[in-house]
Amino acid sequence: MLAEERLNRIVAVVDERGTVTSAELMELLNASESTVRRDLTRLAQEGRIVKVHGGAASAGATAARRTVVSVDQAVGDRHELYLAEKRRIARFAATLIGPSDFVYIDAGSTTGCLADAITEHSATYVTNSVEIAHALFEKGCRVLMPAGEIKTVTGALVGEQTVETLRRFRFTIGFFGTNGATPDAGFTTPELGEALVKETALAHTLKPYVLCDSSKLSAVSPVAFAAFDDAVVITDAVPSELDGYSNVIVVE
């Protein structure tokens, strides 16, 4: 069976049944697990199906539950939204930092709460957020910032210089914000400049974590910066379609 024919068959089966497991597709298509996994990833990236734990679901069945976040809000405007949840997520994330870690902290409201929660002063911190850098500096932490232009809305450093600086680093652990996080679309943000910074830093992080309250788990923004399984998600609750995902940590 040709690749394109196989992809179309998968979409037809998923649309007909609503959901289908990888094992069922392997048997139906007489294909290997790696082939099915690769096909599902491609179809999810194209928006033709939704990749879920152990298989796939119809894109039409989940689209009605999605919200689209196409414009960045100022960090100050976002800070009070889901603040209790963000603080819980941040307190847990702070416990993951060790004294010898080289830590990347992305700009964002939840990562801002992380800066407030950090008690490990012996680690070295790198951030593209002016606000987070100041908060960590006030705590007596060693803080490095990349070069770049400050984006007015979010207070984040962006641009070619920022990306080029981050390419030189190798972080032991990193914490990232996101505007949307879904298995099919991955981690998404409204603006290309910030997406490139996030993508670069995450790709150079040994243990990447995305910090997001549960409202982000049904949201999609225009620009992807990583696949959903490229990082561990720390959140406060999960929708049913994310039950069983091994890279999701739910904090109480």
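The values are calculated or read from the model by the stated rules, or taken from the named source; none is laboratory data. The shown structure was predicted, so the numbers you read here are calculated from the model rather than taken from an experiment. Cβ atoms come from the backbone with ideal geometry, glycine included; neighbour counts cover every protein chain shown. Heavy atoms of the whole protein, side chains included, go into the accessibility calculation; ligands, DNA and RNA do not. Shrake-Rupley method; radii C 1.70, N 1.55, O 1.52, S 1.80 Å.
Among (1) crowded, with 20+ Cβ neighbours inside 10 Å; (2) part of a loop (DSSP other than H, G, I, E, B), which single condition is Tyr245 missing? Here Tyr245 meets the rest and fails (1).
Filter the stretch 127-146 down to the residues that are of a type outside the set (A, V, I, L, M, F, W, C) and part of a helix (DSSP H, G or I), then identify the one that is nearest to Phe176 (Cα to Cα).
Taking the candidates together, the pick is Glu131.
For Thr19, the conditions (1) in contact (Cβ under 8 Å) with a residue 12 or more places away in the chain; (2) open to solvent by 20 Å² or more (accessible area, probe 1.4 Å); (3) touching a helix residue (DSSP H, G or I) at 6+ places or on another chain (Cβ under 7 Å); (4) not acidic (Asp, Glu) are fulfilled apart from (3). Taken over the stretch 225-242, the criterion of being part of a strand (DSSP E or B) and not polar (S, T, N, Q) is satisfied by Phe225, Ala226, Val232, Val233, Ile234. Just one of the listed residues (Gly186, Gly177) is at pLDDT 90 or above, open to solvent by less than 20 Å² (accessible area, probe 1.4 Å) and either basic (Lys, Arg) or under 14 Å from Thr110 (Cβ atoms) (or both), and it is Gly177.
Please specify each residue of the stretch 22-35 satisfying the condition of being among the hydrophobic types (A, V, I, L, M, F, W, C) and crowded, with 17+ Cβ neighbours inside 10 Å. Once the filter is applied, which keeps residues that are among the hydrophobic types (A, V, I, L, M, F, W, C) and crowded, with 17+ Cβ neighbours inside 10 Å, the stretch 22-35 yields Leu25, Leu29, Ala31.
Scanning the stretch 145-156 for residues that are closer than 20 Å to Ile118 by Cα and open to solvent by 50 Å² or more (accessible area, probe 1.4 Å) returns a single hit, Met145.
One residue is enough: does the stretch 206-222 have a residue meeting the conditions surrounded by 18 or more Cβ atoms within 10 Å (Cβ to Cβ), in contact (Cβ under 8 Å) with a residue 40 or more places away in the chain, touching a Cys at 6+ places or on another chain (Cβ under 7 Å) and in a strand (DSSP E or B)? There is no residue in the stretch 206-222 that is surrounded by 18 or more Cβ atoms within 10 Å (Cβ to Cβ), in contact (Cβ under 8 Å) with a residue 40 or more places away in the chain, touching a Cys at 6+ places or on another chain (Cβ under 7 Å) and in a strand (DSSP E or B).
Taken as a whole, the structure places Asp236 among residues that are touching a strand residue (DSSP E or B) at 6+ places or on another chain (Cβ under 8 Å), open to solvent by 10 Å² or more (accessible area, probe 1.4 Å), in contact (Cβ under 8 Å) with a residue 12 or more places away in the chain and over 29 Å from Thr165 (Cα atoms). Quick check: is even one residue across the stretch 155-170 more than 19 Å from Glu120 (Cβ to Cβ) and under 12 Å from the mean Cα position of the chain (by Cα)? Within the stretch 155-170, not a single residue is more than 19 Å from Glu120 (Cβ to Cβ) and under 12 Å from the mean Cα position of the chain (by Cα). Restricting attention to the stretch 41-99, the residues that are part of a helix (DSSP H, G or I), of a type in the set (Lys, Arg) and either at pLDDT below 60 or open to solvent by 20 Å² or more (accessible area, probe 1.4 Å) (or both) total 5.
Screening the stretch 189-201 for residues that are free of Cβ contacts under 8 Å to residues at least 40 places away in the same chain and of a type outside the set (Val, Ile, Thr) and picking the one that is least open to solvent (accessible area, probe 1.4 Å) gives Ala195.
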